[in-house]
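Novice: Would you mind keeping the following structure in view while I ask a few things?
Where a number appears in this text, it was derived from the coordinates with a stated rule and is not lab data. This structure is a prediction, so every number in the text was calculated from the model and none was measured. All Cβ positions, glycine included, derive from the backbone under ideal geometry; neighbour counts span all protein chains shown.
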Amino acid sequence: MTSILLGILALILAPLAGGLIAGLDRRVTARVQSRFGPPILQPFYDVAKLFGKEPRMGNVWQIFCAYIYLLGAAVSVFLFFAGADLLLLFFVQAIGAVFLVFGALARPSPYSQIGAQRELMQILTYEPLLILVFVGLAKATGSFKVAAIWSHPEPLLLQLPLLYLVLTTALTIKLRKSPFDFSTSHHGHQEIVKGVLTEYSGPYLGLIELAHWYEVVLVLGICALFWSTSLVGLLVLLAVTYAAEIFVDNTMARLTWRWMLGSALLAGLALSFLNLVWLYLA
Amino acid sequence: MQNVTPVTIAELKTACQAAKAEGCRLVTLSCAELDAETVDIIYHFDKDLSLKHYRLTAKKCEPVPSISDIYFAALLVENEIQDLFGLSFSGLVVDYKQTLYLEAEVRKTPFCKYSVAIANKA
Amino acid sequence: MENTLLFVLIFLPFAAAGLCWLVPSGAVRRGVVLVTAALLAAASLGLFGRGAFAATPESLLGLPLNGLITLADFALLLVILGIGLKRKNRWITILTLLQLVPLAIFELTLPEHGPIAPALVIDGLSLIMILVISIVGSLICVFALPYMEAHEQHLHLRSSRQGRFFFFLVLFLGAMNGLVAANNILWAYFFWELTTLCSFALIGHDGGEEATANAVRALVMNLFGGVALVCGIIFLYGAAKTLSIQDVVQAGSLGTMAFVAFALIALAGFTKAAQLPFQSWLLGAMVAPTPVSALLHSSTMVKAGVYIVLRFAPAFAGSAFADCLAVAGGFTFCVATGLALGQSNGKRILAYSTIGNLGLIMACAGIGTPAALAAGMLFIVFHAVSKGLLFLCVGAIEQTIGSRDIEDMRGLYDRMPRTAVITVIGIVTMLLPPFGVLMAKWMAIEAAADNLPVVVLIAMGSALGVVVWGRWAGILMSSSRTKKAWPEAQPALLRWPLAVLAGGAVVLSFLLPAVYASLVAPMLKGPIAGSAGSLASGLAAYLIYPLFLVLAAGFLYAVIAARQARAAVDTVYLAGAQAGPPESPAFTGPMDQPVVVSAGNYYLPSIFGEERLTFPLNVIAVALIIIMAGGALI
Amino acid sequence: MLKDFIRSSRAKSPWIIHFDCGSCNGCDIETLACLTPLYDVERFGIVNVGNPKHADVLLVTGTVNHRNKHVLKNLYDQMPSPKAVVAIGACGLTGGVFREAYNVLGGVDKVLPVDVYVPGCPPKPEAIIDGVVLALKKFAEKQQAAG
Amino acid sequence: MARTIIPFGPQHPVLPEPLHLKLVLEDEIVQEALPAVGYVHRGLEKLTEIRDFNQMVQIVERVCGICSMIHAQCYCQGLEEMLGITAPPRARYLRTIWSELHRMHSHLLWLGLFADGMGFESQFMQCWKIRERIMDVNEATTGNRVIVSVNVVGGVRRDLNDGQLRWIGSILDQVEAELKALKKPLIDDYTVKKRTVGKGVLTAEQVYELGAAGPTLRASGVAQDMRMTRYAAFDELVFTPVVETEGDCHARLKVRYRELLASIDIVRAAMRALPEGELAVAVKDKPAGEIVTRVEQPRGELLYYLKASGKKNLDRVRIRTPTFANIPPLLAMLPGVELADVPVVVLSIDPCISCTER
C-alpha cells in the first residue's frame, strides 16, 4: 500500500521536479555560455503558455500518440516509485517512446519522418544498454525489483562503475543532449528543425514536454539506485551526474547517429560486458 | 578595362575551351544591354590574378551557346542572364527556364530598357 | 471423450483434406473447410477443458495403428523419393535414402515391436500447440477461402487448383496435431515428415520456376533435418532404450549418447524452425500464397521445430550443450531481427522476425530454467496469434494495393483504414507491454540474466525489433487526410479472421495469467520444478491486471481526447515552401515546380544488408552448431 | 487560477521565429546578436525556435519580394494563435532603399498584419528586444479584446 | 530503396538566410541537391538608373550587411579608377583598417554560425561574444554597428584619432587572446573534427575548375587572395595569403580562424603605418568607360563591372559576389554527405545569399 501511495505521490511531484530540473538546467547552461539565463520557473511558463495556445492537429492519431507518450512516461514513473520490476517499467516506458515515434510518423512531413527514424536509432542504442544496466543491477542485488535494489545495503556504484558510465550515456540520449540530440533538440537550430516534435504544436507539444519531464525523473531515479544507501550520497551523485551532462552538452558538437551506432553503442556494449563479466566472476 | 578580345558566337566555345586548357578560371559573365537588338556578354577569366575578357556581342533573339558544359561555374550566371535579359542559352546543364530569380507575375527581362518579345525557347 | 476429441483433431483433417481433393465443387470445399475449422477449434477447446491425459489408441477403423503408421511412414518416404527421382534431384534422393535405409534397419532390428504406452500424451505444451494449430491454423484456412478465390482470379487459371491447395492446407493441421500429441517418437517422426511434404506441396503450389525451386530447397533442407531426426531417434533409443518421449524426458541423466541424440534432434529442430543457417527455405517459402506463409510461420511447420526442442529441453537442462543451444538461439534472435531491419518487403520482415522469435524460443529451451521454459511456451502462443494476424494483414493489403513492400503501405490508413488499424494492433501486440509477446520476452530476459552472452544478444535483438516494428506501424498511419477515410469493402471471410485474431491477440494477453496457470504452470513440475520468475509468482495477476487496466483506461482517455479535440486542421511544415492542399502535401521546389514530399525508412544496407551479412552470419551459425555438437560430447 | 497562470505565462514565454524575407543580413545578424551573451534575450524567456508551429512572435527582416511573400504568408498561417508579427528594419517597414527595385513589393505589412514596427538600418539589438516586448503587450491587448 | 525528399529552406533555423535546397536522401545520404534561389532577389543593380553614382554607394553597401563596407570600397575603388583619381594614402589605410575589422566580425559571426550548425551552441555564444568587441569598435568609430558607411567616391568620410587607435589596439589584444583560447575547444575539438574532417572534400583542381573563391579556394591549397593584387594599402603592407591543403570543412574552418589572426596583424600594421593627410579628393567629372575591379571580401573575391557614359547615372553596375562563385562547388560537395553534415558543408562556404541574389 505504501508503495502505491509513493507511486501516486511521484506521479504528482515528478512533473514539478522535472520542470525545476529543466529550469535549473537552462539557467546553468546559460551561465556556462556567459549569459544570465531565464528564470528558474521558465519551463513552467513555457508549458502553461503552450496549453493556452490554439490547438491544431494533423490527424486524430497524431494527437492520440501524444497522449500515449505521456501515459507511458507517467505510468513508468509510477511503477518506479512503487518499487516494481525494472524491466517491466522500462518496457512500459518503451510504450511512450514508441508512440512518440508513431506520432512523428503520423505526418507526411519529411522533418518529423527523419526525426522518427533517428529516434528509432536512438532507441536502438539506449535500449540494449539500459537492459544490460538492469541485468547488472539484478545480478548485484539478486532482484529486478526497484524496491529490493533500493534496499541493497551497499552503494552499487562500487560494483557497477562501468555500468553507471553506460547509464549516463543512455541518460544523455534520453535527455536529448549533445552529442546525442539527433531526433529533436532543445536548441532551436537543428538540421531537421525540431525532428519528432516538428508537427506538434500548442497544447499537444505541452503534453510531450510534460512527458519529457517524467522521463527525466525516471532516468534520474535509475541513477539514484546506484547510491541508495545515503541520501547525501544520492544527491551528490545526481548533482554530479547532471552537472556532467550539462558540461558534456556544452563542450561537444552534435555528432551523427551513424557515429552513435558505430562508436557509442559498441563502446557501451563493451563496457557493460566488461562490468558484467567482472560481476559474474566475483 | 584591358585585355578584351571580341569573340563571335561561332568562336565562343572553342575560345572558352582554349582558356580552360590554358588554366584560366572563369570568374563570371557580365551582361549589358547595348540597344534594342543587342547585348554585350563579357566573359571574365582569371589566371594568376590577372584578368582577361572575351566580349561577345549577341543578338537578343538569338540563342547563345552555353559554356556550362565546359565551365560548370557558368551555370548560375547564364541562368541569371536568362532571367534578367531574356536571352536564351542553349545546352545549359541545368536550365531554370527563367525562374531562377523571378516569379511569373514579375515583369520579364527587367534589365532591358528596350522591351523585346522574349524568344521562346525551343 | 478425450479419445474422440483427439481423433477429431488428428484424423478429421485427413478426411476433410481428402474430400477437398476429391470433390471439385467450390461450395462443398467451402463447407468442408468451414466445418472442419469449427470442429477443430471446438475440439481443441474441449480438450483444453479436459486437461492433460494420456491415450493409447490401438487401432483405427480396425487396423492396428502402430503398423499403419510404420507403413504410412515408408509410403511417405517413398513418395518423397519418387519426387526426387522424378525431378532428378540428387539431394532429395540421397537425403530420402539416408532416412529410408537407417529407418528400415532400425525398424527391423527393433527388439520390441509392441505399442509404446502411452502412444499419445497430452500435456500443457501439447495443449498449447493444439490450441494454436486448431484455432489460429483454422482461422488461416478460413481466410484462405476468399483469398484463394481472388488469388486465382488474379492468376487467370483455366481450371481451379484449389482442391489440391486445401488438401495440403487442411492436412497440415492434422499432421501438426499428430506431431504434438505423439509420445511415440516414431509417430512424431511420421507426422514430422508429413509436414515436410505438405510444406513442399504448398510452397510450390503456384508452379513456375521460382516457386518450384524454392519448394525443392525447402524440401531438401527439411529432409536434411529429417535425416538428423532419424539419427537422433536411433541414438536416443540406443541411450534410453525407449521410444517414449515422456520416459526420456523424465529419465534424468542419460549419458553422452543421449546428448548426441539431443544435438541431432536440435539440429532437426533448427532446420524446421529455419534457424540460421537454414533460414533460406523459409524466406523462399514467401512465393507461396499468403495463407501458406501465415500457416508456416504462426501455427505450423516452424513451430514444430521449436516444439521438439522444447519438448526435450528438460532432459538436457543445465548442460554445456544447453548453454550452447541458448547462445545459438540468442544469436539467431539477434541477427535475424537485424536482417529484418534491412528489409522493406513486408513478408520478408515477417519471415526474419519469425526466425528471430523462434531463435528466442530456442534460447529459452537452452536456458532451461522453469522461467525460461515458461517464457518459451508463452512465446509459442502469443507469437502464433500475432504473427498469423500480421501475415493475413499483409496478404489482405497486398491484394488491395498490389504490393507487399512496407514503403508502399505508407499512409495505408487513407485507403484501408480498418486493415491499417488491425495491422497496427498486430504490431503493437508483438512489440509492447502489456501484450503477451513482450511479457514472454520480459520473462526470457529475466531468465537469461544468468547467461551473459545470451542476455546481451537478447537485449540487442529486442532493441532491433523496436526499430523493425516501430517504423512499420508508424508509417501505416502516416496520413495526410483530415477527414475519415471511406470504410473499406472486404469479403466477410477475409474480414472476420483478421478481426478475430486481432481481438484474440489483445484478449489473450489479458488472460496471460490464466494461460500461465492452466497450461504452463502444470508443465513446470517434476524435473524442472522451481520458481518461474516474476510472472509466475502468485502476484502475477495482481501485476498484470492493474497495469492492463491503467493502460487501457489511459488508452481510452487518449482515444476520446483525441477524437474530441476541436483543433484546427494543420498543414505540414515544409520550411515555409508548402503548396497545395493539406491532403497531398507538396512544396514549391526549384524552377517553381511543385515537389510532392516523400519519405523513406532507413534500411542501412551497409550494416544490415542481406547480401552482405548472410554468408558471414551463416558461417558463424554453422560454427555455433558445431560448438553445440561439441557441447553435447562434453 | 490556471487560466490566470496561462495568461501571465504568455508574456513570459514568447518563442520567436525569425524569417529573413529579403534582408541584406544586417538586421538578421542584429536579431541573432540578441540571443548572444551581451544581450541574452533568454532572460525574458525569449527563445528562437525556428519552427512556426512552436512560435508566438514572427520577426521579419527585409523587404518582401514576389517569391518570398508566399513563404511569409505560409509561415504566418502555420503559427497557432495568439501570435504577433514584428517587422524589423527600414526594409521590413517600407522596402527601405530598395523600395523602387523591380522585384520588391514593399514592407511586411503588404502581406501580413504587423503589430510592431522596429525602424533602423539596421536597428540595434536593444531596439529589437524592445520590439518583441512591445509585441507581447500588443497581443495581451488583443487577447483582452477577444475576451 | 526508399527516398526522402526534403525542402531544406527557404525558412530553416540553421540557415538564417532563405536558401532553398531540394535534397533527395537515402538513409540520410544526399543523392541529389538542387538549389532554388530568388527569395532575396531585389534587383538593386538596376537602381543605378534612378540613383546617381554617389548615391549608389549607399545602395551597394546594402548588397550585404555583413561585408557592406567592402562592397562600398570595391565600388568606390572602381569609380576612382574610371575617373582617373586616387584616394589619398590615409583614406586607403583607413579603408584597409575598416575592411579588415569587417572581415573579423564576419569571420567571427561565421565561426559562431558554423559551430551552431554542428549543434555546438556554447561556442556559438563564445564567438559572438568576442565579435561584440569588434562591433563596439565599429559603433565607436563610425556611429553604426553594421552598415558603417565610411566610403565615398574619392576617399572616406571619417577619421580615426590617436585615442581611438590606441583603444582599437587594446581591443585587438583582447580579441587575439580570446581567439587563441578558442583554438583548443573549437578548432582542435574531437567532436568538431569528427563533424568536419573529411566532409565536403574538394581537391585543388576541382575547386579551381569550379571557380571557387576565397577561403573555399584557399582551403584546398590554391593560394589566391585578391589582397595579393595590392589594392588599398596592401601595396605597402606585407601580405601573405592563408592556405590549407586538406580541402575539407575543417580546412575551411582553419583558414578562417587563421585569417582572423592575420587580420589582427594587418590592422595593427596599418595603424602603425597610418599616414597623415587628406581623407578624400574631390570628384569633378562624370564617370565614363568600362571598368572591372576586384577586392577580397570575407567570403572571397568580389568583382564589380561598371559601365558609364559620362552621365550622373551609371549605365550598368554588375556585381559578382564570392558566394555566387561558391555555389557550384557547393553543389559538387553535397552529393554523398549525410543530412546532418549538409548544414556544415553549406556553411563551410560561408554562404551569403543576399550577396548572391542582390
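Novice: Which of the listed residues, E:G277, C:L438, E:H71, is farthest toward the dipole's positive end in the protein assembly as shown, when Lys, Arg count +1 and Asp, Glu count -1 at the beta-carbon?
Specialist: In the protein assembly as shown, that residue is C:L438.
Novice: Give me E:I264, C:I367 sorted ascending by neighbouring Cβ count inside 10 Å, so fewest comes first.
Specialist: Listing E:I264, C:I367 from fewest to most nearby Cβ atoms yields E:I264, C:I367.
Novice: Going by a ≥ b ≥ c, the root eigenvalues of the Cα gyration tensor, does the stretch C:325-437 fall in the rounded group (a/c under 1.5), the prolate group (a/b larger than b/c) or the oblate group?
Specialist: Prolate, since a/c reaches 1.5 and a/b exceeds b/c.
Novice: Rounded, prolate or oblate, given the Cα gyration tensor of the stretch C:1-132, with a/c below 1.5 counting as rounded?
Specialist: It is oblate, given that a/c is not under 1.5 and a/b is not larger than b/c.
Novice: Oh, and also: Hey, can you grab everything whose amide H is under 5 Å from the amide H of E:V281? Only 5+ residues off in sequence or another chain; H modelled, so Pro and N-termini drop out.
Specialist: Counting only residues 5 or more places away or on other chains, the set is E:G155.
Novice: Separate question: Which translational diffusion coefficient, to the nearest whole µm²/s, is obtained for chain B from the Stokes-Einstein equation, given a Kirkwood hydrodynamic radius over C-alpha pairs, 25 °C and 0.890 mPa s?
Specialist: Result for D is 167 µm²/s.
Novice: Right, here's the next one. To the nearest 500 deg cm²/dmol, what mean residue ellipticity at 222 nm is calculated for the protein assembly as shown from DSSP H runs of n ≥ 4 alone, each contributing -39,500 (n - 2.57), summed and divided by the residues? Let's see the in-between values first.
Specialist: On the way: 56 runs with 886 residues, N = 1543.
Value at 222 nm, helices only: -19000 deg cm²/dmol.
Novice: Further, regarding this structure: Treat each spin label as a single point 7 Å out from the Cα along the C-beta direction, and report the C:E210 to C:I105 distance in nm.
Specialist: Output for this residue pair reads 4.3 nm.
Novice: While we're here: Beyond 35 Å, how much of the Cα-Cα pair distribution for the stretch C:1-316 remains, as a whole percent?
Specialist: 15 percent
Novice: Tell me, in nm to one decimal, what length is gained between A:L231 and A:L261 on full extension, where the rule is 0.36 nm per residue of separation less the Cα-Cα distance? Let's see the in-between values first.
Specialist: Working: separation 30, 0.36 × 30 = 10.80 nm, distance 3.58 nm.
Extra length from A:L231 to A:L261 when fully extended: 7.2 nm.
Novice: Residues with amide H under 5 Å of E:E301's amide H, sequence separation 5 or more or different chain, H placed in the peptide plane at 1.01 Å from N; which?
Specialist: E:G214
Novice: What's log10 of I(q)/I(0) for the protein assembly as shown at q = 0.03, 0.04, 0.05, 0.07 Å⁻¹, Debye sum over Cα points only, no solvent?
Specialist: At q = 0.03, 0.04, 0.05, 0.07 Å⁻¹ the computed log10 ratios are -0.18, -0.32, -0.48, -0.84.
Novice: Let me ask something additional. Starting from a Cα-only point model with no solvent, please compute log10 I(q)/I(0) by Debye for the stretch A:1-86 at q = 0.18 1/Å.
Specialist: The Cα Debye sum returns log10 ratios of -0.95.
Novice: Right, something else. Over the stretch D:14-138, what relative contact order in percent results from Cα pairs under 8 Å that are six or more residues apart?
Specialist: This gives 28 percent for the stretch D:14-138.
Novice: To the nearest 0.05, what FRET efficiency results for D:K142 and A:L11 with a Förster distance of 35 Å applied to their C-beta separation?
Specialist: The pair D:K142/A:L11 has a calculated efficiency of 0.40.
Novice: Place a point 7 Å from Cα of B:K97 in the direction of its Cβ. Which residues in the stretch C:584-603 have their backbone N less than 18 Å from it?
Specialist: C:587-596
Novice: In addition: Taking just the alpha-carbon atoms of the stretch E:43-357, what radius of gyration and Dmax come out, in angstrom?
Specialist: Both quantities, over Cα of the stretch E:43-357: 19.2, 59 Å.
Novice: For chain E, calculate the relative contact order in percent as a whole number, restricting contacts to Cα pairs under 8 Å that are 6 or more residues apart.
Specialist: About 26 percent, as a whole number.
Novice: Of the beta bridges DSSP finds with both residues in the protein assembly as shown, what % are antiparallel, to the nearest 5?
Specialist: In the protein assembly as shown, DSSP labels about 75 percent of beta bridges as antiparallel.
Novice: Output wanted: per-residue J couplings in Hz (rounded whole) for the stretch C:318-334, from phi through Karplus 6.51 cos²θ - 1.76 cosθ + 1.60, θ = phi - 60°, x for Gly and Pro.
Specialist: Once θ is set to phi - 60°, the couplings for the stretch C:318-334 become x, 7, 4, 4, 4, 4, 5, 4, 4, 5, 4, x, x, 4, 4, 4, 5 Hz.
Novice: Compute the Cα gyration tensor for the stretch E:40-174, then decide on rounded, prolate or oblate, letting a ≥ b ≥ c be the square roots of its eigenvalues: rounded whenever a/c is under 1.5, prolate when a/b is larger than b/c in the other cases, and oblate in all that remain.
Specialist: Oblate.
Novice: If you project the alpha carbons of chain A onto the principal axes, what extent comes out on each, in Å, largest first?
Specialist: Over chain A, Cα extents along the principal axes are 56, 44, 40 Å.
Novice: Here's something else I'd like to know. To the nearest 10 degrees, how steeply does helix A:86-105 sit against the main Cα axis of chain A, on a 0 to 90 scale?
Specialist: Roughly 20 degrees, rounded to the nearest 10.
Novice: Further question on the same structure: Set Lys and Arg Cβ to +1 and Asp and Glu Cβ to -1, take the dipole of chain A about its Cα centre, and tell me which of A:Y126, A:L100, A:Q33 lies farthest positive.
Specialist: Working it through, the farthest residue towards the positive pole turns out to be A:Q33.
Novice: Related question: At R0 = 35 Å, how high is the FRET efficiency between E:E205 and E:Q31 if r is their beta carbon distance? Nearest 0.05 is fine.
Specialist: Rounded to the nearest 0.05, the efficiency is 0.90.
Novice: By count of other Cβ within 10 Å, fewest leading, how are C:S386, C:S160 ordered?
Specialist: Fewest-to-most Cβ neighbours within 10 Å comes out as C:S160, C:S386.
Novice: Could I ask something else about it? So if I place +1 on the C-beta of Lys and Arg and -1 on the C-beta of Asp and Glu, and nothing else carries charge, what would the dipole magnitude of the protein assembly as shown be about its Cα centre? I want it in debye, nearest 20.
Specialist: About 1580 debye.
Novice: If R0 is 51 Å, what FRET efficiency do you get for E:L165 and C:V569 from their C-beta distance, rounded to 0.05?
Specialist: Result of the calculation: an efficiency of 0.25.
Novice: Then there is this: With everything on Cα atoms, drop me the angle between helix C:346-367 and the longest principal axis of chain C, reported from 0 to 90° to the nearest 10.
Specialist: Approximately 50 degrees, to the nearest 10.
Novice: Taking 31 Å as the cut-off for C-alpha to C-alpha distance, list the pairs among B:K13/E:K193; A:K174/E:K254; B:K108/E:K307; C:K347/D:K53; A:K177/E:K129; A:K194/D:K142 that go past it.
Specialist: B:K13/E:K193; A:K174/E:K254; C:K347/D:K53
Novice: Relative contact order for the stretch E:223-263 using alpha-carbon pairs under 8 Å, separation at least 6, rounded to a whole percent?
Specialist: Relative contact order, the stretch E:223-263: 30 percent.
Novice: Along the stretch E:322-339, what does the Karplus equation 6.51 cos²θ - 1.76 cosθ + 1.60 (θ = phi - 60°) give for ³J(HN,Hα), rounded to whole Hz, x for Gly and Pro?
Specialist: The phi angles translate into x, 5, 4, 6, 8, 5, x, x, 4, 5, 6, 7, 5, x, x, 8, 6, 4 Hz.
Novice: Sorted from largest down, what three extents in whole angstroms do the Cα atoms of chain C have along their principal axes?
Specialist: The principal-axis extents, from largest down, are 86, 59, 49 Å.
Novice: Cut-off is 10 Å between beta-carbons; in what order do C:E209, B:E62 appear when sorted fewest neighbours first?
Specialist: Going from least to most buried by this count: C:E209, B:E62.
Novice: Cα convex hull of the stretch E:129-271: mean projected area in nm², to one decimal?
Specialist: Quarter of the Cα hull surface area: 10.0 nm².
Novice: To continue, here is another question. Give me the angle, in degrees from 0 to 90, between the Cα long axis of helix A:60-81 and the longest principal axis of the Cα atoms of chain A, rounded to the nearest 10.
Specialist: Roughly 20 degrees, rounded to the nearest 10.
Novice: Starting from a Cα-only point model with no solvent, please compute log10 I(q)/I(0) by Debye for the stretch A:90-202 at q = 0.21 1/Å.
Specialist: -1.06
Novice: In a GNM of chain B with a 10 Å cut-off on Cα contacts, which of B:D35, B:D83, B:D95 has the highest mean-square fluctuation?
Specialist: Comparing B:D35, B:D83, B:D95 in the GNM, the peak value goes to B:D35.
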